[in-house]
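Enquirer: Attaching a single structure in structure tokens format; questions to follow.
The values are calculated or read from the model by the stated rules, or taken from the named source; none is laboratory data. Every value quoted in this text rests on a predicted model; they were computed, and no experiment measured them. Heads up, the Cβs are rebuilt from the backbone with ideal geometry, glycines too, and the neighbour counts pull from every protein chain shown.
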Amino acid sequence: MVEPDARENPAQGRTPWVVALTGGVAAGKSAVAARFAALGVAVHDADDAAREAVAPGSAGLEAIVESFGPGVLDADGALDRKAMRRRIFDDEAARRRLEAIVHPAVRDLLHQRVRDTRGPYSILAIPLLVETWPQYDWVDRVLVVDAPDEVREVRLMRRDDIDETLARRMLASQVSRARRLELADDVIDNSGATEPRDAAVRDLHERYLDLGAEKRS
């Protein structure tokens with residue numbers, strides 16, 4: 001295997017090979033992304049890009065304030081994420097207004113990071129991949145981290161210290177598990193022990209190295 005840092009920079013004349021990583025809330029996307037990163041793979045997170053897109057002084061934050069008012073800012077002039085979540089949680093029109101501001105900026109940031117990546121391939125961790133498809137149909141492959149709804153519900157309650165009712169509402173607000181799996185080229189079952197998940201990551205990494213090399217050749 002050729003180590004990732006020994007590969008050419010895809011920005012230098014070749015199209016990079018990209019895997020979009022997604023999964024429902026509390027499915028374990030972050031754990032899987034961290035294991036790819038430990039193997040030397042460049043992982044670009046849509047949540048990080050979203051924070052950058054609405055950072056103080058950004059055009060994104062200015063557009064949000066113009067649309068929702070200054071009440072969505074905290075005392076330091078940054079976006080108050082909790083206030084914003086409360087604002088859009090039960091308001092479909094408000095959620096769509098926010099997405100129309102944030103999603104294009106996030107997509108542009110991720111596209112640029114892919115073009116600048118050194119290595120045989122890169123991963124885009126995108127929680128709302130299905131919801132924003134086909135905006136990301138330029139990726140080469142989709143990897144879904146999957147776990148049953150009942151497993152994710154328990155994890156969500158423990159992780160966020162919330163009750164069962166809120167956990168179920170959060171799960172219900174996302175696209176169905178079936179729709180997410182329909183988009184998948186690859187699936188990692190993250191419903192139980194970590195060992196099968198880690199083995200699956202290693203196997204997919206080897207496969208993605210080969211596929212990335214094939215595309216560049």
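Enquirer: Just to check your reading of the model, which residue among E153, E164 is acidic (D, E) and buried (at least 16 other Cβ atoms within 10 Å of the Cβ)? Quick ask: steps written out before the conclusion?
Expert: Numbers: E164 fails: buried (at least 16 other Cβ atoms within 10 Å of the Cβ).
Matching residue, one of E153, E164: E153.
Enquirer: Restricting to the range 181-208, give me the number of residues that are under 21 Å from A42 (Cβ atoms) and without any contact (Cβ under 8 Å) to a residue 24 or more places away in the chain.
Expert: Qualifying residue count, the range 181-208: 3.
Enquirer: Across the range 184-200, which residue is surrounded by the fewest Cβ atoms within 10 Å (Cβ to Cβ) among those that are among the hydrophobic types (A, V, I, L, M, F, W, C) and over 12 Å from V145 (Cα atoms)?
Expert: Of everything passing the filter in the range 184-200, A193 is surrounded by the fewest Cβ atoms within 10 Å (Cβ to Cβ).
Yes/no per residue for (1) at pLDDT below 95; (2) out of contact with any Asp or Glu (no Cβ under 9 Å at 6 or more places or on another chain); (3) buried (at least 20 other Cβ atoms within 10 Å of the Cβ):
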position	(1), (2), (3)
V41	no, yes, yes
A46	no, yes, yes
A53	no, no, yes
I64	no, yes, yes
G71	yes, no, no
A75	yes, yes, no
A78	no, yes, no
R85	yes, yes, no
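Enquirer: Here are the criteria: (1) β-branched (V, I, T); (2) modelled with pLDDT of 95 or more; (3) in a loop (DSSP other than H, G, I, E, B). Tell me which single one V32 does not satisfy.
Expert: In the conditions (1) β-branched (V, I, T); (2) modelled with pLDDT of 95 or more; (3) in a loop (DSSP other than H, G, I, E, B), V32 misses (3) alone.
Enquirer: To continue, here is another question. Please verify whether A55 is part of a helix (DSSP H, G or I), hydrophobic (A, V, I, L, M, F, W, C) and more than 21 Å from V175 (Cα to Cα), treating the condition exactly as stated.
Expert: Values: part of a helix (DSSP H, G or I): no; hydrophobic (A, V, I, L, M, F, W, C): yes; more than 21 Å from V175 (Cα to Cα): yes.
Considered against the rule, which asks whether it is part of a helix (DSSP H, G or I), hydrophobic (A, V, I, L, M, F, W, C) and more than 21 Å from V175 (Cα to Cα), A55 comes out as no.
Enquirer: Can you run down the residue pairs with Cβ atoms below 7 Å, 6 or more apart or on separate chains, where the first is in the range 106-120 and surrounded by fewer than 22 Cβ atoms within 10 Å (Cβ to Cβ) and the partner is assigned to a helix (DSSP H, G or I) and modelled with pLDDT of 95 or more?
Expert: L109/A49; L109/E52; L109/A53
Enquirer: I need a count of the residues in the range 129-148 that are assigned to a loop (DSSP other than H, G, I, E, B), surrounded by fewer than 17 Cβ atoms within 10 Å (Cβ to Cβ) and within 16 Å of the chain's Cα centre (by Cα).
Expert: So in the range 129-148, the residues assigned to a loop (DSSP other than H, G, I, E, B) come out as 133-140, 147-148.
Retained after the next criterion (residues that are surrounded by fewer than 17 Cβ atoms within 10 Å (Cβ to Cβ)): 134-135, 137-138, 140, 148.
Checking which are within 16 Å of the chain's Cα centre (by Cα) leaves us with 134-135, 137-138, 140.
Adding up the residues that qualify gives 5.
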